[in-house]
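S.K.: Quick one: this structure, given as structure tokens, is what I'll be asking you about.
The values are calculated or read from the model by the stated rules, or taken from the named source; none is laboratory data. Remember, predicted model here, so these are calculated numbers, not experimental data. As a convention, Cβ positions derive from the backbone with ideal geometry for all residues, glycine included, and neighbour counts pool all protein chains shown.
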Amino acid sequence: MSNFFSAFSFNGQSMGDSPEGERYTVADIPVKCAHCKHDHFVEGRAQLNTAGMTFLNLDWANRSAATLTCTACGRIEWFLADPEERA
Ligand SMILES: [Zn+2]
């Protein structure tokens, strides 16, 4: 999977090297990948102001979500709360 991230760029990081990512907590709980249990992620933002999301009554969600992409397996975790980076 070493080439998985080479096709994408996250948060302006240059393509090529795989990002190591950071560790995050949400609601004071350390975030772990639900798939591979890895705990390093790259944070991103996704807009929710689509017709579909409005239909789902997510207008209250400030129209953006945080995404944490597992740097080991590529699973994307979605949060409406802002993840906090862990030291
Ligand atoms: Zn993972």
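S.K.: List every residue pair whose Cβ atoms sit under 8 Å apart, with the two residues 6 or more apart in sequence or on different chains, where the first one lies in the range 27-42 and is free of Cβ contacts under 8 Å to residues at least 24 places away in the same chain and among the acidic types (Asp, Glu) and the second, anywhere, is near the ligand (Cβ under 9 Å from one of its atoms) and part of a loop (DSSP other than H, G, I, E, B).
M.R.: Asp39/Lys32; Asp39/Cys33
S.K.: Across the range 23-48, which residue is farthest from the ligand (Cβ to nearest atom) among those that are surrounded by 17 or more Cβ atoms within 10 Å (Cβ to Cβ) and closer than 9 Å to Leu68 by Cβ?
M.R.: Out of the qualifying residues, it is Glu43.
For (1) hydroxyl-bearing (Ser, Thr, Tyr); (2) modelled with pLDDT under 95, each residue gets a yes or a no:
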residue: Asn3; (1), (2): no, yes
residue: Asn11; (1), (2): no, yes
residue: Ser18; (1), (2): yes, yes
residue: His35; (1), (2): no, no
residue: Glu43; (1), (2): no, no
